[in-house]
Amino acid sequence: MARLAAARAAALAAVSAARRRDARIRDLMRTSPAVAALDARDRALATRLAVGCVRAVGTLDALIDAHLRPGSRLEPRLRDALRVSAFETCYLATPAHVAVSQGVLLAASVAPRARGLANAVLRRIAEKDAPRVAAAASRLAEPDAAPAMADLVDDLAPAGAVPAWLARATLDSVGPDVARRLAAGAFEPPSATLALGRPGCAEDPDDPADPLAAAGLSARALSWPGAFALDSMAGLADSGLVQSARVLPADLAAQVVSTLAAPASDSTLLEVGQGRATKTILMARAAAERGVSARITSIDLEPFKVDLARERLARAGVSAMCESLALDARRLADADLPPQLARTFDRVFVDAPCSGSGTLRRHPEIAWSLDESSVAEGGALPRLQLQILEAASARVAPGGLLLYSTCSNLVAENESVISSFLASDAGRPFAVEPVDADADALCLQPEARTLLSASVAEKSFLRTAGSSLSGVSLDGHFLARLRRV
């Protein structure tokens with residue numbers, strides 16, 4: 001008699017917990033005892049199933065509901081089980097009969113009387129829907145195919161498991177070639193990339209120059225300054241390197257943006273939207289490596305984030321050049337600011353709140369939680385981004401730089417916000433500069449220069465979606481550089 005695989009049971013438990021607790025699936029997978037008890041192969045399967053199920057939840061629900069009687073309602077845990085199995089059937093290479101058989105056992109584990117329903121639904125998905133998803137993915141992989149844009153959206157949505165509106169908006173924003181690559185890699189795990197701390201900024205001058213090797217972690221240096229890729233995340237948490245900020249888990253795109261935003265000469269910098277201070281630390285260390293004297297002042301809306309940032313800055317050994325404050329960025333143009341902010345800065349770096357649509361592999365919950373109207377042209381999020389950018393521009397010194405960044409792929413949050421800003425009273429004194437204007441001072445390796453050249457769009461903005469370096473694919477980040485003239 002067939003038995004339910006432990007990997008599938010662990011995936012279902014995590015998916016159900018994520019739904020009940022509104023928690024991030026990757027966090028749950030990292031802390032799950034059931035997942036930790038699996039061997040490496042089963043742990044990888046459980047992760048692919050759980051993360052993929054969350055990423056594709058809207059697509060999976062549509063498939064499941066299409067094979068139910070009108071008006072049927074499923075108990076939440078049963079729906080979770082069908083989602084996991086439908087994902088495996090449509091998006092993994094598991095033989096259909098195995099996926100269906102295991103899916104029936106998975107459904108029966110939470111709803112014993114649902115065997116017949118699960119069997120019927122999953123068989124129909126295997127017979128009718130899985131071939132359509134596979135055909136869409138196959139068409140996207142054809143290098144010479146040039147379908148109409150509407151037909152391309154019809155393939156991008158199921159292959160990438162995103163809402164049709166998001167597939168269309170992504171296609172319009174990044175173009176067909178990049179959109180295809182994003183859909184093809186939708187369920188590939190994000191690369192385990194780190195930023196290695198510079199010894200000159202370490203709290204302890206006796207720290208080894210290569211803390212990763214000292215901790216027994218297998219890593220390879222990438223062509224971007226200070227960037228490393230881990231062969232496996234196993235052992236990183238126990239090494240203490242993240243807790244001490246000797247290494248920072250950070251996507252390579254975030255590292256590129258931080259390097260380009262960092263001061264290139266003795267100067268002051270205002271960071272708007274500090275978050276957990278990852279980019280703050282990266283910019284501080286990049287400035288120190290360049291041998292320049294920089295003072296970084298950062299703000300964030302949430303006081304608890306400011307407290308966390310201060311702790312991380314202290315552990316990273318860069319507190320002497322950084323300070324953090326809690327403030328609504330939309331107040332930056334006000335007259336009654338704290339004394340640290342009632343001045344102008346040589347650089348102002350706006351790390352804007354955004355949809356996160358460029359980080360779907362890393363944050364699978366995003367795809368089906370976004371509201372189309374809020375991220376569309378003139379929507380609530382672009383309006384907020386523009387308000388922050390306009391307010392922050394008041395803190396830019398004459399001849400200084402204003403840098404605007406998001407981790408979104410969408411034009412509405414990127415180029416359109418910049419265009420609206422430049423057309424506003426606040427933006428008229430500014431002009432666009434190429435984001436790689438300081439590249440010569442970075443002493444980049446040839447491969448890194450190639451990445452930068454390939455990622456700079458025709459309007460001199462940085463777009464990293466679809467880019468890769470040393471075999472590592474980057475999240476989708478955007479950066480614009482504006483000079484007050």
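Read-outs throughout are calculated quantities, based only on the coordinates presented, and are distinct from any laboratory measurement. A quick note: this is a predicted structure, and the numbers were derived from the prediction, not measured. Note that each Cβ is placed from the backbone with ideal geometry, even for glycine, and that neighbours are counted across all protein chains shown.
With R₀ fixed at 25 Å, the C-beta to C-beta distance from Thr94 to Ala37 puts the FRET efficiency at about 0.70. Rounded to 0.05, the FRET efficiency of the Ala214 and Arg69 pair, given R0 = 41 Å and the Cβ-Cβ distance, is 0.10. Restricting the GluC sites (Glu not before Pro) of segment 403-472 to loop positions (DSSP other than H, G, I, E, B) with no more than 11 neighbouring Cβ atoms within 10 Å leaves Glu458. At the listed q of 0.12 Å⁻¹, the Debye profile of segment 6-184, built from one uniform point per Cα, gives log10 I(q)/I(0) equal to -0.58. Maximal additional length on extending the Glu188-Asp307 stretch stands at 39.4 nm, based on 0.36 nm per residue less the C-alpha distance. Shape class of the chain from the alpha-carbon gyration tensor: prolate, with a/c at 1.5 or above and a/b greater than b/c. Counted residue by residue at 0.36 nm each, then reduced by the alpha carbon distance between them, the extension gain from Glu323 to Arg24 reaches 104.6 nm.
Taking the three principal axes of the alpha carbon atoms in segment 393-485, the coordinate ranges are 44, 30, 21 Å, sorted in descending order. Over the residues of the chain, the helix contribution to mean residue ellipticity at 222 nm works out to -13500 deg cm²/dmol, using -39500 (n - 2.57) for each DSSP H run of at least 4.
Counting only DSSP beta bridges with both residues in the chain, the antiparallel share comes to about 55 percent.
Long hydrophobic helices in the chain: none of the complete DSSP H runs spans 27 Å or more by Cα along its own axis with mean Kyte-Doolittle hydropathy of at least -1.0. Sorting Val306, Val15, Val178 from the fewest to the most surrounding beta carbons within 10 angstrom yields Val178, Val306, Val15. At an R0 of 56 angstrom, the distance between the Cβ atoms of Ala2 and Glu447 translates into a FRET efficiency of 0.70. Partners of Lys305 within straight-line reach, counting aspartates and glutamates whose Cα lies under 19 Å from its Cα and excluding those fewer than 8 residues away in the same chain: Asp27, Glu271, Glu323, Asp328, Asp351. Each label point was placed 7 Å from the Cα along the Cα-to-Cβ direction; for Arg383 and Leu337 their separation is 2.5 nm. The stretch between Arg330 and Ala394, if pulled fully straight at 0.36 nm per residue, gains 22.0 nm over its current Cα-Cα span.
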